[in-house]
Amino acid sequence: MTRAFVRYRHLTAAAAVLSALVWCSYAWVTRDVPASEPVRMAMRVVYAVDQWAFIATIMGYAARHIHSTTPLMKYLGGGIFTFYIVHQTLIVVAAANVEKLKLPLFAEMGIVLFITVGGSVLAYEIAKRIGARTAPRCFRTKARRFTVCTNPCHTRVTRSRHGQPYEPVPPRLYGLRHCPRPCRLRPTRPCAG
């Protein structure tokens, strides 16, 4: 599955941009005059294609270019569930209160984004500091460390019938206990097996 995302990442990026342009032009044209029902149904399909194409594009580029973890990735990985739970409530509350200020659109977006990101990080930090025993179960998150397995047995280079290598498959990002072959993995170090 990961190979398909990597292989078709340029195609999905083109589909995402094209469907976003079609959706934006539809929204611009129909801002004053409502569209007919068949056009609205077609635009629902375009909107769905837009969402899934952007997701596939992000996954393809991430699988191709991210080969190791960074401190920021470790931090965000530990707090992802807390961010997921808290962010929607923060968005709704912040947007409802910022809307009353009658600010320009981009100012409202910036304020809501700042409140959402800052509030999510604050909630995660509070949950970390409270501790695993006293925090609600939904906030008990532990950062999971990943490592890149560079063992030649675990990474493959596919070859054609004539022995010429295709594009090499990038090393995979494995969790500490999910390397497909038994070996002793250490955090942030290559696999030595």
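Structure summary
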{"item": "Distance (nanometres) between label positions extended 7 Å along Cα→Cβ at residue 8 and residue 114", "result": "4.1 nm"}
{"item": "Estimated distance in nm for a label pair at residue 88 and residue 32, the labels positioned 7 Å out from Cα along Cα-to-Cβ", "result": "3.7 nm"}
{"item": "Trypsin sites (Lys or Arg not before Pro) restricted to DSSP loop in region 55-115 with at most 12 other C-beta within 10 Å", "result": "100, 102"}
{"item": "Near-label residues of region 62-97 by backbone N, under 17 Å of a point 7 Å along Cα→Cβ of residue 107", "result": "95-97"}
{"item": "Selection of trypsin sites (Lys or Arg not before Pro), region 1-57, meeting DSSP coil and at most 10 other Cβ within 10 Å", "result": "31"}
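Every number in this text was worked out from the coordinates using simple rules, so none of it is lab data. As the structure is a prediction and not an experimental result, all values here were calculated from the model. Here Cβ is always computed from backbone atoms with ideal geometry, including for glycine, and neighbour counts include all displayed protein chains.
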